[in-house]
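The values are calculated or read from the model by the stated rules, or taken from the named source; none is laboratory data. All figures in this text were calculated on a predicted structure; none of them were measured in a lab. All Cβ positions, glycine included, derive from the backbone under ideal geometry; neighbour counts span all protein chains shown.
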Amino acid sequence: MEKEKQRNIFAWCMYDWANSAFATTVIAGILPIYFATVVIPSDGWTLKFFGISIVTNAATIWAFLSGTTALFVFVTMPTLGAIADYSGLKKKFLIIFCYGGSLFTALLYFCSSGDVWMTMIFFFLANACFISANIFYDAFLPHIVSENEIDLVSGKGYAYGYLGGGLQFLICLALIMFHEKLGMSKTLTVRICLVFSGMWWAGFSSITFFGLSEREINLIDQKEKKKFLFWYCLLKGISQTWNTVSGVKKNRNQVLFLIAFMFYSDGIQTVIRMAAIFGKDELGIKDEILLGTLLLVQFIGIGGALLFSQAAQKFGAKKVLIFVLFLWSCILSYAYFIVSSLDFLILGMAVGLVLGGSQSISRSIYGAMIPRHASAEYFSFYSVFEKFSSIWGPFVFGIIRQITGTSRLSILSLIGFFITGIVLLCCVEDKRDTP
């Protein structure tokens with residue numbers, strides 16, 4: 001029994017190892033730069049829609065893609081999560097979205113200069129699959145460990161993710177750096193790295209699919225098995241989602257946590273997305289240092305995820321999370337005063353430490369408070385709030401930067417998101433902290 005449990009934990013963690021290649025290379029690192037410097041023309045791109053022409057740029061299009069994907073998941077995933085819970089097919093949904101996302105990631109290889117629509121479509125589909133797969137991946141957490149172990153295992157998963165994503169990103173950076181010695185153009189090397197990301201995601205995920213057991217209580221009884229058709233499950237999924245949404249008053253604690261999570265996650269996501277721009281815009285840091293700092297964040301995140309997860313077991317998850325969010329506020333205060341590349345490097349190390357802790361503990365707290373029989377449905381709402389939160393922070397950042405002419409005040413303004421999250425978290429009850 002214990003051996004099977006450890007096998008499930010390892011297999012579950014390996015999916016974080018696998019899919020982090022997409023997060024580091026496609027979302028945060030290489031594709032955004034490639035999209036802005038190669039795919040989009042230097043003089044911008046004209047969007048033609050029903051006879052209307054709008055001249056836009058890479059940053060605007062990238063933000064639009066992220067928001068559209070979040071909206072798509074918001075509309076579809078709660079119902080799909082409920083269907084997975086009802087039918088006991090979380091693992092199959094995870095496999096479908098994983099391999100689908102890996103395929104669309106690999107297809108980005110064929111996107112070159114001027115292929116704006118092709119790049120947007122492939123990235124949209126790959127990103128939607130990535131977000132969707134994470135819902136079913138997270139939903140396994142309450143089923144493979146007890147509530148007392150959930151903090152530690154959640155942190156272990158993130159540690160695997162930072163290590164796997166960091167190693168894959170390191171290989172990609174090495175390929176790009178030595179592309180001339182390999183006899184390839186830089187553009188071709190980047191496209192190969194995108195294929196490599198899809199292969200890494202699909203390849204290592206196979207370990208998860210072979211090793212992870214789905215021992216779900218199937219809610220379809222013998223009589224209903226005869227009715228187990230697609231439309232029947234679809235209607236049941238929609239009905240279950242409606243019941244969950246309409247029963248918000250009964251789930252006050254989960255909703256309050258999600259609102260708190262939405263605020264402080266907004267601050268976290270904005271730091272992740274805008275850190276490189278801040279370093280370039282305000283400090284004039286070279287690309288090599290920016291990418292090197294991003295790589296450093298990945299590896300330090302391993303220690304942060306494990307350290308704070310262990311602390312959560314000892315001192316209580318909510319208390320440790322509030323402490324981590326306080327550290328985030330201190331780090332942003334420090335960011336306001338930095339002036340050199342060394343300062344930026346130190347900032348990256350500090351961010352890496354708290355990033356893993358805040359992400360892993362958030363997932364474990366939520367995983368411990370939701371009903372196990374509906375974990376996929378509830379984690380779909382968690383994912384929606386996480387992705388939805390990535391919209392407002394960058395918007396606030398951009399407005400303040402435009403008005404004040406400096407990114408320093410923009411960075412400082414993000415403290416408000418963390419303070420709001422802390423205040424709301426104080427009202428959340430973590431039943432594991434009560435005697």
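For (1) touching a residue at least 60 places away in the same chain (Cβ under 8 Å); (2) farther than 23 Å from Leu414 by Cβ; (3) surrounded by fewer than 20 Cβ atoms within 10 Å (Cβ to Cβ), each residue gets a yes or a no:
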site: Ile272; (1), (2), (3): yes, no, yes
site: Gln298; (1), (2), (3): yes, no, no
site: Gly304; (1), (2), (3): no, no, no
site: Ser309; (1), (2), (3): yes, yes, no
site: Leu325; (1), (2), (3): yes, no, no
site: Met349; (1), (2), (3): no, no, yes
site: Leu353; (1), (2), (3): no, no, no
site: Ser358; (1), (2), (3): yes, no, no
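Within the set of pairs 6 or more residues apart or between chains, which connect a residue that is at positive phi inside the stretch 26-46 to a residue that is at pLDDT below 75 and in a helix (DSSP H, G or I) with Cβ atoms less than 9 Å apart?
Going by the 9 Å Cβ cut-off, the qualifying pairs are Gly44/Ala58.
Only one of (1) more than 25 Å from Asp430 (Cα to Cα); (2) surrounded by 17 or more Cβ atoms within 10 Å (Cβ to Cβ); (3) free of Cβ contacts under 8 Å to residues at least 40 places away in the same chain is not met by Leu332, so which one is it?
So the condition that Leu332 fails would be (3).
Hey, could you check the stretch 162-190 for residues that are farther than 24 Å from Val297 by Cα and not small (Gly, Ala, Ser) and say which is surrounded by the fewest Cβ atoms within 10 Å (Cβ to Cβ)?
Kept after step one, since they are farther than 24 Å from Val297 by Cα, are these residues of the stretch 162-190: 179-188.
Then drop every residue that is not not small (Gly, Ala, Ser), which leaves 179-182, 184, 186-188.
Numbers: His179: 17, Glu180: 10, Lys181: 7, Leu182: 13, Met184: 16, Lys186: 14, Thr187: 14, Leu188: 14.
Here the residue is Lys181.
Which numbered condition trips up Lys91, out of (1) at pLDDT 85 or above; (2) within 18 Å of Ala11 (Cβ to Cβ); (3) buried (at least 20 other Cβ atoms within 10 Å of the Cβ)?
Single failed check for Lys91: (3).
Can you tell me which residue in the stretch 394-423 is nearest to Phe136 (Cα to Cα), limited to those that are at pLDDT below 70 and of a type outside the set (S, T, N, Q)?
Residue satisfying both the conditions and the ranking: Pro394.
Restricting attention to the stretch 245-264, which residues are modelled with pLDDT of 70 or more and β-branched (Val, Ile, Thr)?
The answer is Val255, Ile259.
Which of the numbered conditions does Glu282 fail, given that it passes all the others? Conditions: (1) more than 28 Å from Leu103 (Cβ to Cβ); (2) touching a helix residue (DSSP H, G or I) at 6+ places or on another chain (Cβ under 6 Å); (3) modelled with pLDDT of 85 or more.
Of the numbered conditions (1) more than 28 Å from Leu103 (Cβ to Cβ); (2) touching a helix residue (DSSP H, G or I) at 6+ places or on another chain (Cβ under 6 Å); (3) modelled with pLDDT of 85 or more, the odd one out for Glu282 is (3).
Among the residues of the stretch 103-124, which ones are assigned to a helix (DSSP H, G or I) and buried (at least 18 other Cβ atoms within 10 Å of the Cβ)?
Phe104, Thr105, Ala106, Leu107, Leu108, Val116, Thr119, Met120, Phe122, Phe123
Condition (residue is at pLDDT below 90 and out of contact with any helix residue (DSSP H, G or I) (no Cβ under 8 Å at 6 or more places or on another chain)) applied to the stretch 5-25: is it met by at least one residue?
Among the residues of the stretch 5-25, at least one is at pLDDT below 90 and out of contact with any helix residue (DSSP H, G or I) (no Cβ under 8 Å at 6 or more places or on another chain), which makes the answer yes.
Would you confirm, using the coordinates I've provided, whether Gly211 is at pLDDT 60 or above, closer than 30 Å to Leu291 by Cα, of a type outside the set (Lys, Arg) and in contact with a Phe, Trp or Tyr (Cβ under 9 Å, 6 or more places away or on another chain)?
It is false that Gly211 is at pLDDT 60 or above, closer than 30 Å to Leu291 by Cα, of a type outside the set (Lys, Arg) and in contact with a Phe, Trp or Tyr (Cβ under 9 Å, 6 or more places away or on another chain).
I'm checking my understanding of the structure. Among residues of the stretch 131-161 that are of a type in the set (Asp, Glu) and in a loop (DSSP other than H, G, I, E, B), which one is surrounded by the most Cβ atoms within 10 Å (Cβ to Cβ)?
Going through the qualifying residues, I end up with Glu149.
For (1) modelled with pLDDT of 85 or more; (2) under 25 Å from Ala23 (Cα atoms); (3) touching a His at 6+ places or on another chain (Cβ under 6 Å); (4) not in a helix (DSSP H, G or I), each residue gets a yes or a no:
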{"residue": "Asp266", "(1), (2), (3), (4)": "no, yes, no, no"}
{"residue": "Leu294", "(1), (2), (3), (4)": "no, yes, no, no"}
{"residue": "Leu307", "(1), (2), (3), (4)": "yes, yes, no, no"}
{"residue": "Val320", "(1), (2), (3), (4)": "yes, no, no, no"}
{"residue": "Val324", "(1), (2), (3), (4)": "yes, yes, no, no"}
{"residue": "Ala335", "(1), (2), (3), (4)": "yes, yes, no, no"}
{"residue": "Val339", "(1), (2), (3), (4)": "no, no, no, yes"}
